[in-house]
Structures are given as C-alpha cells and as structure tokens.
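Take a look at the structure below.
Readers should treat all values here as calculations from the given coordinates under stated rules, not as data from a laboratory. Computed from a prediction, not measured in an experiment: that's the story for all the values here. Because the Cβ atoms are built from the backbone with ideal geometry, glycine has one as well, and the counts that use them run over all protein chains shown.
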Amino acid sequence: MMGRAKTILIIDDDAEFVAMVRALLTAAGYSVHTALTAQAGLKAAQGLAPDLIFLDATIGGEPDSYATLRQLRTLPGLSRTPVVLVSSVHTGDLPVFQVTPNGGWVPADLILPKPLDESRLLAEAARLTGG
C-alpha cells in the first residue's frame with residue numbers, strides 16, 4: 001500500500017470475533033484498532049478519526065449499538081465515516097437504513113451478517129475506505 005495505511009476501528013464485545021477480524025484486516029495492510037465496549041469505541045473513534053468503523057449491532061451495555069451509531073453521526077469529523085453494522089441476529093443482507101426496535105432509523109452504510117464472509121469483508125473494507 002502506498003501512503004498511510006487506512007485506519008479501521010472494530011467495536012464489538014465478542015473478543016474472538018474482534019481478534020479474527022483484526023488479524024484478517026491487518027494482514028490486508030490496514031491499521032486496525034479495537035474496542036470491546038461502545039463507550040470505549042466512541043472514545044477511540046474521536047481520537048483516531050478512522051477511515052471505517054465496524055460496529056456490532058447487538059453490543060451490550062450503554063450506550064447500545066443504535067445510540068452509539070447516532071452519536072458517531074453527530075461527532076465532528078466522524079459524521080461521514082463509513083460504518084458497517086455486523087449482526088449475528090440477521091441471516092442475510094439488510095437495506096442500508098433499518099428501523100430500530102424503538103422506531104428510529106439506523107444510519108449505517110452497510111449491514112453484514114455474522115459470521116462474516118472473509119472475502120466480502122475485505123472487498124467492502126476496500127470499497128468503503130477507497131483503498
């Protein structure tokens with residue numbers, strides 16, 4: 001890769017999933033950072049200004065995934081950062097904007113099912129980071 005490596009942040013409370021995705025993306029040349037809670041993820045996102053964020057759709061704790069995504073969309077420098085929701089609840093691709101359980105909208109760029117298809121993950125990472 002020429003120039004600086006694209007930065008990807010993974011926010012997910014499943015440590016095994018995080019380790020697998022981190023290894024895959026690191027091997028592909030990305031600079032990968034991780035957070036195991038939504039709060040840590042929000043803090044990391046503000047400090048890193050990543051090129052792409054993978055966010056667990058069912059992350060535990062407060063804020064939940066939907067609140068985290070809404071917060072990301074309001075932060076200076078992060079409002080246009082691509083966010084991919086990853087979900088073990090859904091078995092197929094979902095439309096980009098989904099209605100949440102409380103009736104709100106999810107402003108994600110893409111929603112991918114878990115387990116992730118590795119080649120699709122890498123293709124989407126390249127597409128969404130422009131690299």
- Answer in debye to the nearest 20: the dipole magnitude of the stretch 7-129 about its Cα centre, from +1 Lys/Arg and -1 Asp/Glu charges placed on Cβ, is 380 debye
- Item | Whole-Hz couplings from phi, Karplus 6.51/-1.76/1.60, listed for the stretch 64-73; x for Gly and Pro | 6, 4, 5, 5, 4, 4, 4, 5, 4, 6
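Which order do peptides 64-75, 17-28 fall in by mean Cβ count within 10 Å, highest first?
Numbers: 64-75: 17.9, 17-28: 16.2.
Top of the packing list down: 64-75, 17-28.
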- By what distance, in whole Å, do the Cα atoms of the stretch 7-129 stretch along each of the three principal axes, largest value first? 38, 33, 25
- Message: With θ taken as phi - 60° and the coefficients 6.51, -1.76 and 1.60, list the Karplus ³J(HN,Hα) couplings across the stretch 30-40 in order, rounded to whole Hz; mark glycine and proline as x.
- Response: 8, 8, 10, 10, 9, 9, 9, 9, 5, 4, 5
- How far, in nm, would the chain grow between Q39 and A15 when pulled straight, counting 0.36 nm per residue and subtracting the alpha carbon separation? 7.1 nm
